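Read through the structure below, which is laid out as structure tokens, and then see the notes.
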Amino acid sequence: MKHTDWYKDAIIYQIYPRSFCDSNNDGMGDIQGIISKIDYLKNLGINCIWLSPIYDSPQEDNGYDISDYYSIYKPFGTMDDLKELINKLHENGIRLIMDLVVNHTSSEHKWFKEALKDPNSKYRNYYYFKKGKGKNYNRPPNNWTGFFGGTTWERVGNSPYYYLHLFAKGQPDLNWENEEVRKEVKNILKFYLDMGVDGFRCDVITLISKKQDFKNRAPTLALCGKDAYVNGPRLHEFLHELYLDVYSNYDCMTVGETVLSTLNEAKELTIPSREELSMVFNFDHTNVDNFFGVKWIERKFNLKRFKKVFSKWQNGMYEVNGWNSLFIENHDQRRSPGRFNTSLDNEYKDISSKMLASTYFLMQGTPFIYQGQELGMTNGDFKTIDDFKDVETHNIDKMRKEIPILRPILNKSLFRESRDNARTPFQWDDSEFAGFSTITPWIQVNKNKKEINAKKELQDENSLLCYYQKLIKLRKEYKIIKTGKYNDLLPNSKYIFAYNRKENNKELVVISNFSKKNIKCKLLSKYKEYKLLLSNYADNDNTILKPYETRILYREG
Ligand code: TEU
């Protein structure tokens, strides 16, 4: 089978299955729910889905803790449902990529259970078990701290041993040094590719190789030890091995979630000749509004910094024939309305969301839309800590209570940054449970379902949803969006994000006002002869950009 780069024409829609559509009314989304919405997805125009994990799991981290890679979490359905989904999507010209979570398993996975039961079992070496320190081994093997706060080590009963978990306690890290572990991963990949799956979003893939010294590292504010467990020494070797033994035999794509990777590291992961990954998710732009990459520590949004990040990644990848992913939301990020200088005021909410959409969607790379983003869904209306379900939110809340110096910062950011903000039920209509279910869902529905829902937006050609449809059409129609060179036209402007995409005698220009003010913009006269492909205002002035105005312009010849 020829390994092609179809992913460069993909427009990918991320589905978080718990919260998308509940077909059997148990309060939780499921695979049949997704099948029932294929027409909706087709009508939106997307041509690929990334499905967050649906495998069997105790759900400590909503499925990112897998207890059996070869079966489906019952409330989501069965393997037959998955096959039906793949077939029906393919019949409709939509591909499917699955979430591959292989940095860790669940502590309920049979490998881990065997490893605990019998220290001499071969499964012991599937994970990292290390002796604790101190006379009674009552201190962990080292001082590393993890992604959900606190130590990365959990003691096994009263034994001298601890196991490594970079995420929740129920997510022990797999030992990729062990060739048998890599074999298991390849078998999982083949199983799903043979079933017809078109690729994988590879969860925290840059964490799979660890420096083997397991020594203490200099203390840091967060993620102590990251130099030992991020972009480890054998990362490239492992990924290339997966490519050679599996991916190269299928027409599939991979997108790596590469937390904390720099542009140079991302290049090494994606330059086609290196045969590792098709593309990666980088988080530099979502870190513009925080300090040190720690989302809990808020930093005022700054458009110049935001633009600089895009220039760096757009040009950096172009130069090496690499490829970017483009996204502004996912299941770990808060919702975008009100973020990146957009507005939550009724008057400007949709206008500014359209502006943000035009800006990120027409760059070079594969665009992703997270479910509900196309509606302008907002953060949840959580009132107390008990309203939250997310393990990270509760771990951080614990830290907030236990560590007084963190309290002021976390008091401000915990609710705003909780991942549950993006995980509330999809708003299909304005009924009691937003058309997601007929009973109380696993997590509360947003109150604004009356104003923000798919049914309403499908009937209004000026809705955000219809605007996304138009953007998708543009990407399909104008090849320059795939291939043109990116250039920031106003890197020094505090309010305007303007860039072009150029190729031969063709030019596409995007001009966006990231502020609530009318802004005089000299560029407008320069492009006045260009054809206006799309804007979020019906009338456009020759010299002034209205609040949050965006224009997409084009010229050929
Ligand atoms: O996320 C990895 C990751 O880095 C995030 O945990 C991030 O640090 C966190 O969300 C910050 O709030 C992936 C998945 O996307 C996430 O849902 C999982 O919880 C995590 O891996 C563990 O599998």
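The values are calculated or read from the model by the stated rules, or taken from the named source; none is laboratory data. A quick note: this is a predicted structure, and the numbers were derived from the prediction, not measured. Counting neighbours? That spans all protein chains shown, and the Cβs are built from the backbone with ideal geometry, glycine included. The protein model used for the area step is the full one, side chains on, heavy atoms only, and it has no ligands, DNA or RNA in it. Shrake-Rupley method; radii C 1.70, N 1.55, O 1.52, S 1.80 Å.
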* Asked: Relative to the compact globular guide of 2.2 N^0.38 Å, what is the alpha carbon radius of gyration of the range 329-381, as a ratio?
  -> 1.10
* On Cα atoms only, tilt of 303-319 relative to the major axis of the chain in degrees -> 80 degrees
* Asked: Can you list, bin by bin at 10 Å, the percent of alpha carbon pairs in the range 444-544, starting at 0?
  -> 12, 36, 33, 16, 3, 0
* Asked: So how many Å³ per residue does the convex hull of the Cα atoms of the range 283-417 work out to?
  -> 127 Å³
* If you keep only loop residues by DSSP, which trypsin sites (Lys or Arg not before Pro) in the range 262-334 have at most 11 other Cβ atoms within 10 Å of their Cβ? -> LYS300
* Asked: Among LYS267/LYS502; LYS83/LYS122; LYS450/LYS479, which pairs are too far apart, with a Cα-Cα distance over 26 Å?
  -> LYS83/LYS122; LYS450/LYS479
* How much accessible area does LEU489 have with a 1.4 Å probe, in Å² rounded to the nearest 10? -> 40 Å²
* To do: For ASP9 paired with LEU406, estimate the spin-label separation in nm (one decimal), with each label point 7 Å from Cα along the Cα-to-Cβ line.
  => 4.8 nm
* When the chain is fully extended, how far beyond the present Cα-Cα distance does LYS479 get from PHE292, taking 0.36 nm per residue of separation? -> 63.6 nm
* Net length gained if the chain between ASP80 and ASN187 were fully extended (0.36 nm per residue, minus Cα distance) -> 36.6 nm
* Can you list the residues, at least 5 places off or on another chain, whose amide H is less than 5 Å from the amide H of ALA498, using H built in the peptide plane? -> LEU489, LEU490, SER512
* Asked: Taking θ as phi - 60°, what are the ³J(HN,Hα) couplings along the range 538-550 by the Karplus curve (6.51, -1.76, 1.60), each to the nearest whole Hz, with x for Gly and Pro?
  -> 6, 10, 10, 7, 7, 10, 10, 9, 6, x, 6, 5, 9
* **Ratio of the Cα radius of gyration of the range 397-496 to 2.2 N^0.38 Å, where N counts its residues** => 1.63
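Ratio of Rg to Rh for the range 1-153, alpha carbon only, Kirkwood?
Rounded to two decimals, Rg over Rh is 1.09.
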* Structure fact -> Sequence order, the range 355-372: Karplus ³J(HN,Hα) from phi using 6.51 cos²θ - 1.76 cosθ + 1.60, θ = phi - 60°, Hz rounded, Gly and Pro as x, gives 4, 5, 4, 4, 5, 7, 6, 9, 7, 7, x, 9, x, 10, 10, 8, 3, x
* With each label point set 7 Å from Cα along the Cα-Cβ vector, what nm distance links ASN487 and LYS520? -> 2.5 nm
* How big is the chain by the Kirkwood estimate over distinct Cα pairs, in Å? -> 24.5 Å
* Using bins 5 angstrom wide from zero, how does P(r) for the range 355-441 break down, in % of all Cα pairs? -> 3, 12, 18, 17, 15, 13, 13, 8, 3, 0
* Structure fact -> Any aspartates and glutamates whose Cα falls less than 15 Å from that of LYS546, other than same-chain ones fewer than 8 residues away, would be GLU347, ASP350
* Counting each DSSP H run of 4 or more residues in the chain as -39500 (n - 2.57), what helix-only mean residue ellipticity at 222 nm follows after dividing by all residues, to the nearest 500 deg cm²/dmol? -> -8000 deg cm²/dmol
* So, with +1 on the Cβ of K and R and -1 on the Cβ of D and E, and no other charges, what is the size of the charge dipole of the range 444-557 about its Cα centre, to the nearest 20 debye? -> 260 debye
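Return the FRET efficiency for the residue pair SER71, GLN459: r is the Cβ-Cβ distance, R0 is 35 Å, and the value is rounded to the nearest 0.05.
0.30
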* Asked: What does the charge count near CYS466 come to, summing +1 for each Lys or Arg and -1 for each Asp or Glu among other residues with Cβ under 14 Å from its Cβ?
  -> 0
* Nitroxide proxy distance, nm - points 7 Å out along Cα→Cβ at ASN302 and GLU503 -> 3.5 nm
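Hey, could you grab the Kirkwood Rh for the range 157-295? Inverse mean 1/r over distinct alpha carbon pairs, Å, one decimal.
So the Kirkwood estimate lands at 16.5 Å.
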* Structure fact -> Counting Lys and Arg as +1 and Asp and Glu as -1 over every other residue whose Cβ sits under 12 Å from the Cβ of ILE369, the net charge comes to -1
* Structure fact -> Among chymotrypsin sites (Phe, Trp or Tyr not before Pro) in the range 1-75, those in a DSSP loop whose Cβ has at most 16 other Cβ atoms within 10 Å are none
* Would you pull out the residues with amide H under 5 Å of CYS48's amide H, same chain only if 5 or more places away, H placed 1.01 Å from N? => ILE11, TYR13, ARG95
* Please list, or write none, the lysines whose alpha carbon is within less than 27 Å of the alpha carbon of LYS88, excluding same-chain residues fewer than 8 places away. => LYS2, LYS8, LYS37, LYS42, LYS74, LYS186, LYS190, LYS455, LYS456, LYS470, LYS473, LYS476
* Asked: What number comes out for the charge environment of ASN540, summing +1 per Lys or Arg and -1 per Asp or Glu over other residues with Cβ under 11 Å away?
  -> 0
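Roll a 1.4 Å probe over the protein chains and send me the accessible area per residue for the range 63-165 in Å².
Spelled out: the 1.4 Å probe surface of the range 63-165, per residue, equals 44 Å².
How high is the relative contact order of the chain, in percent, counting Cα pairs under 8 Å that sit 6 or more residues apart? List each step's numbers first, then the result.
Working: 1143 pairs, mean separation 72.4, N = 557.
Over the chain, the number comes to 13 percent.
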* **Whole-Hz ³J(HN,Hα) from phi, Karplus 6.51 cos²θ - 1.76 cosθ + 1.60, for the range 454-460, glycine and proline x** => 5, 4, 5, 6, 5, 8, 10
* **Loop sites in the range 474-557: GluC sites (Glu not before Pro), DSSP, at most 10 other Cβ within 10 Å** => GLU529
